[in-house]
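Chemist: Here it is, the structure, as structure tokens.
The values are calculated or read from the model by the stated rules, or taken from the named source; none is laboratory data. Not measured: the values here are computed from a predicted model. As a convention, Cβ positions derive from the backbone with ideal geometry for all residues, glycine included, and neighbour counts pool all protein chains shown. Surface areas here come from the heavy atoms of the whole protein model, side chains and all, with no ligands, DNA or RNA. Shrake-Rupley method; radii C 1.70, N 1.55, O 1.52, S 1.80 Å.
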Amino acid sequence: MNNDDSEGAVGNPRLCYIGQSEKAAAYRLARRLFDEAKAKGIDLSKAHVAMAAEVPGANYAKIRASGILEAMKEYGITSYEIIDAGGLEMTTVEARETAYLLAHPETTFLIGLGGICTDRLTASLKAAGKQPGEIIAGGFDTTPDTLAGIKEGYVTATIDQQQYLQGYFAVYVLYLYNKYGFTPNIDTGGYLVDSPEKIALIEKLSPEHIR
Amino acid sequence: MNDGRMSLGRKLLLSRSSSVLIVLVVLVLGFAILSPEHRFVDPDNLKVLLSLGSEFSIIALGVGLLMVCGEFDLSVGSILVFCSFVFLRLFEAQVPLFFVALTTILVGAALGIINGLITVRAQIPSFVTTLGTMMMWRGLALLFSGGEQKGCDVSTVPSRYFLPFFTGRIGGVFPAQAFWFIVFAVFLGILLHYHRFGNWIYATGDNRDAARAMGINTDLVKTVCFMIVGVLCGFVACAQIARTACFTSRAGEGWELKAVAASVVGGTSLRGGVGSMVGIFIGALTISVIENGLVVMRIPYFWTYVVFGLVILFSVLSSMYIEKKQREAHR
């Protein structure tokens, strides 16, 4: 559960996988961001996508980036860069994202490939002197600052991988496997959070560790 | 040639701080001239460099002071995160903000004292002591917080002075964090260079047995230096959590070696007894400038580590060269 082999069942002799399909989730997120840009009349052929990763070589970052690249192809976007955000330390991540934005004024999209990078998007955009919506930003996970960023308009959307379901189905599938031999692959994630209603639901259930 | 006959220019050139300053000036000029549209010196970038870079740099000042005293502290990142957790818990308990900050700083001081007492009482190398406490404080912060990231928005509590004190802009421009970095550097500089306690630090770091023979309580000196590092970690924990409005169990991760690197770049000897606050200040600034400058220069970030390595090696080699020249000048 939680993180599959980059080659799925081919690369790992697992029974089944219960968790987010990282590539599909990233693809869904990217399409949401690119549609937002299209609605604003931005010329996507000249757009630049910056993807910040805490650990650029890690499996999660590579697979999520591949989903975004697939969506970019469909929308005719060719310019992109994967940024090494320098690990999980928030000040370091924020400093690097901000410096990148200042050094790359051509940036149209800023996407956090992991939770910390996404959490720091709003602070980085503010520090770089950007207005809400000036750079179209999004990412993964639903940390308090990410949700606050969506409310303020700095972040367009984030992906909730719905970990509760990963834990719930993992136990349930083991039970079914033991009883009937079932080994289903279950995609629990890819829930796009991009509206006040969805945020309200997450904020309500978060203290109970459900969302 | 004796020291009295050396020209002022030569004296300056043969000071350890000067080689660090040369490195910093070259880096700043290089980044300013070569960065696209000179964005390195863009006011927005300088504000980011000064505000975010100062959080780490404040801690580096303490680590440098401790190294002059002949000791290491690898637990700074873990003290920082533990202090952040204390801040979070007190904030959640609705304790008045300035009392939260004061308690957080006192906890930092206590953790520093623990490092000091274990090191001097048990005669354990501080490298080992703080390696242990590094894991312990980080582990406890993870254990108590469940590894979760938690919101801690201090702006929700009405306080006219708290946020400006830690994260405000002086005159609407100059980041408060950079102001505190300078204030701490000046205070520690006076302590190290113009106060009797500073002489004790140098004596303890240079030759502990000789310092003891002179009547210096070296255990106390070392413990106080550890405590100063803890106080700075507690202060930065307050500033960081006030700015980010959240607690994360990864705060300060990786800062321990960067702080040592800043001190070494600043001309502080790993063997103790040698170093200056000016050098440590410039060393910390240099590390922040490299991190920021390479991104602004659009150089792939992996180069940062290569540049860090080169700057550290250059600093150590130039310090060795300066030491050799100083010895020759004194003959």
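Chemist: Among the residues of the range A:143-187 satisfying the criterion of being touching a Cys at 6+ places or on another chain (Cβ under 9 Å) and under 13 Å from A:D119 (Cα atoms), which is surrounded by the fewest Cβ atoms within 10 Å (Cβ to Cβ)?
Modeler: Checked the range A:143-187; the qualifying residue surrounded by the fewest Cβ atoms within 10 Å (Cβ to Cβ) is A:P144.
Chemist: Would it be correct to say that B:F127 is modelled with pLDDT under 95, among the aromatic types (F, W, Y) and out of contact with any helix residue (DSSP H, G or I) (no Cβ under 9 Å at 6 or more places or on another chain)?
Modeler: Against the criterion (modelled with pLDDT under 95, among the aromatic types (F, W, Y) and out of contact with any helix residue (DSSP H, G or I) (no Cβ under 9 Å at 6 or more places or on another chain)), B:F127 qualifies.
Chemist: Is it true that B:F181 is closer than 30 Å to A:T146 by Cα and either out of contact with any Asp or Glu (no Cβ under 9 Å at 6 or more places or on another chain) or within 14 Å of chain A (Cβ to nearest Cβ) (or both)?
Modeler: yes
Chemist: State all residues of the range B:290-310 that are away from chain A (no Cβ under 11 Å) and open to solvent by less than 50 Å² (accessible area, probe 1.4 Å); if no residue qualifies, say none.
Modeler: B:I290, B:V307, B:F308, B:G309
Chemist: From the list B:A251, B:A211, B:A237, which one is assigned to a helix (DSSP H, G or I) and closer than 23 Å to A:D145 by Cα?
Modeler: Residue meeting the stated conditions: B:A237.
Chemist: Related question: Could you check the range B:30-70 and list, in sequence order, the residues that are touching a helix residue (DSSP H, G or I) at 6+ places or on another chain (Cβ under 7 Å), open to solvent by 30 Å² or more (accessible area, probe 1.4 Å) and without any contact (Cβ under 8 Å) to a residue 60 or more places away in the chain?
Modeler: Result: B:H38, B:V41, B:D42, B:D44.
Chemist: Which of (1) assigned to a strand (DSSP E or B); (2) of a type in the set (S, T, N, Q); (3) within 14 Å of chain B (Cβ to nearest Cβ) is the odd one out, the single condition A:T146 does not satisfy?
Modeler: A:T146 satisfies all of (1) assigned to a strand (DSSP E or B); (2) of a type in the set (S, T, N, Q); (3) within 14 Å of chain B (Cβ to nearest Cβ) except (1).
Chemist: Being aromatic (F, W, Y) and either farther than 13 Å from A:R211 by Cβ or part of a loop (DSSP other than H, G, I, E, B) (or both) is the filter here; which residues of the range A:159-200 pass it? Step through it out loud before you land on a result.
Modeler: Initial filter on the range A:159-200 (aromatic (F, W, Y)): A:164, A:168-169, A:172, A:175, A:177, A:180, A:182, A:191.
Residues satisfying the conditions are A:F169, A:Y172, A:Y175, A:Y177, A:Y180, A:F182.
Chemist: Then there is this: Return a yes/no flag: does the range B:102-117 have any residue that is at positive phi and either at pLDDT below 95 or buried (at least 18 other Cβ atoms within 10 Å of the Cβ) (or both).
Modeler: No: zero hits.
Chemist: Of the residues in the range B:183-234, how many are closer than 23 Å to B:A101 by Cβ and touching a helix residue (DSSP H, G or I) at 6+ places or on another chain (Cβ under 8 Å)?
Modeler: Residues flagged as closer than 23 Å to B:A101 by Cβ and touching a helix residue (DSSP H, G or I) at 6+ places or on another chain (Cβ under 8 Å) within the range B:183-234 amount to 15.
Chemist: How many residues are within 27 Å of B:G272 (Cβ to Cβ) and either among the charged types (D, E, K, R) or touching a Leu at 6+ places or on another chain (Cβ under 6 Å) (or both) when one looks only at the range B:292-331?
Modeler: The total comes to 8.
Chemist: Exactly one condition in (1) of a type in the set (S, T, Y); (2) crowded, with 24+ Cβ neighbours inside 10 Å; (3) closer than 29 Å to B:V25 by Cβ is false for B:T248; which is it?
Modeler: Among (1) of a type in the set (S, T, Y); (2) crowded, with 24+ Cβ neighbours inside 10 Å; (3) closer than 29 Å to B:V25 by Cβ, the lone unmet condition for B:T248 is (3).
Chemist: Restricted to the range A:29-46, and to residues that are of a type outside the set (D, E, K, R) and free of Cβ contacts under 8 Å to residues at least 24 places away in the same chain, which residue is surrounded by the most Cβ atoms within 10 Å (Cβ to Cβ)?
Modeler: It comes out as A:A39.
Chemist: Hey, any hits in the range B:16-29 for a residue that's facing another protein chain (nearest Cβ under 10 Å), among the basic types (K, R), in contact with a helix residue (DSSP H, G or I) (Cβ under 8 Å, 6 or more places away or on another chain) and in contact (Cβ under 8 Å) with a residue 60 or more places away in the chain? Talk me through it step by step, then tell me what you get.
Modeler: The first filter runs over the range B:16-29 and keeps only residues facing another protein chain (nearest Cβ under 10 Å), leaving none.
Within the range B:16-29, not a single residue is facing another protein chain (nearest Cβ under 10 Å), among the basic types (K, R), in contact with a helix residue (DSSP H, G or I) (Cβ under 8 Å, 6 or more places away or on another chain) and in contact (Cβ under 8 Å) with a residue 60 or more places away in the chain.
Chemist: For B:Q123, which of the numbered conditions (1) part of a helix (DSSP H, G or I); (2) surrounded by fewer than 16 Cβ atoms within 10 Å (Cβ to Cβ) fails to hold?
Modeler: In the conditions (1) part of a helix (DSSP H, G or I); (2) surrounded by fewer than 16 Cβ atoms within 10 Å (Cβ to Cβ), B:Q123 misses (1) alone.
Yes/no per residue for (1) farther than 23 Å from A:L121 by Cα; (2) in contact with a strand residue (DSSP E or B) (Cβ under 6 Å, 6 or more places away or on another chain); (3) within 14 Å of chain A (Cβ to nearest Cβ); (4) not small (G, A, S):
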position: B:T248; (1), (2), (3), (4): no, no, yes, yes
position: B:E253; (1), (2), (3), (4): no, no, yes, yes
position: B:A259; (1), (2), (3), (4): yes, no, yes, no
position: B:V265; (1), (2), (3), (4): yes, no, no, yes
position: B:F281; (1), (2), (3), (4): yes, no, no, yes
position: B:I312; (1), (2), (3), (4): yes, no, no, yes
position: B:K325; (1), (2), (3), (4): yes, no, no, yes
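Chemist: Okay, moving on. Yes or no: A:L125 aliphatic (A, V, I, L, M), in a helix (DSSP H, G or I) and within 8 Å of chain B (Cβ to nearest Cβ)?
Modeler: no
Chemist: Mind checking which residues of the range A:92-122 are facing chain B (nearest Cβ under 8 Å), of a type in the set (G, A, S) and surrounded by 24 or more Cβ atoms within 10 Å (Cβ to Cβ)?
Modeler: A:A95, A:A99, A:A103 - these are the residues of the range A:92-122 that are facing chain B (nearest Cβ under 8 Å), of a type in the set (G, A, S) and surrounded by 24 or more Cβ atoms within 10 Å (Cβ to Cβ).
Chemist: A further question on this structure: If you scan the range A:80-91, which residues turn out to be within 13 Å of chain B (Cβ to nearest Cβ) and either in contact with a Cys (Cβ under 6 Å, 6 or more places away or on another chain) or open to solvent by 30 Å² or more (accessible area, probe 1.4 Å) (or both)?
Modeler: Residues satisfying the conditions are A:E81, A:I82, A:A85, A:L88.
Chemist: Additional query: Keeping to the range B:162-186, report how many residues are over 30 Å from A:E203 (Cβ atoms) and either at pLDDT 90 or above or open to solvent by 70 Å² or more (accessible area, probe 1.4 Å) (or both).
Modeler: Residues in the range B:162-186 being over 30 Å from A:E203 (Cβ atoms) and either at pLDDT 90 or above or open to solvent by 70 Å² or more (accessible area, probe 1.4 Å) (or both): 17 in total.
Chemist: Suppose we filter the range B:73-101 for residues that are in a helix (DSSP H, G or I), within 18 Å of B:A251 (Cβ to Cβ) and open to solvent by less than 60 Å² (accessible area, probe 1.4 Å); how many remain?
Modeler: 17
Chemist: Now for a separate question. Could we say that B:G230 is more than 14 Å from chain A (Cβ to nearest Cβ) and on the phi > 0 side of the Ramachandran plot here? So that I can check it myself, show each step before the final result.
Modeler: On the way: more than 14 Å from chain A (Cβ to nearest Cβ): yes; on the phi > 0 side of the Ramachandran plot: no.
For B:G230, the condition - more than 14 Å from chain A (Cβ to nearest Cβ) and on the phi > 0 side of the Ramachandran plot - is not met.
Chemist: Search the range A:62-79 for residues being assigned to a helix (DSSP H, G or I) and open to solvent by 20 Å² or more (accessible area, probe 1.4 Å), and hand back the single one that is nearest to the other protein chains (Cβ to nearest Cβ).
Modeler: Looking at the filtered set, the residue picked out is A:K62.
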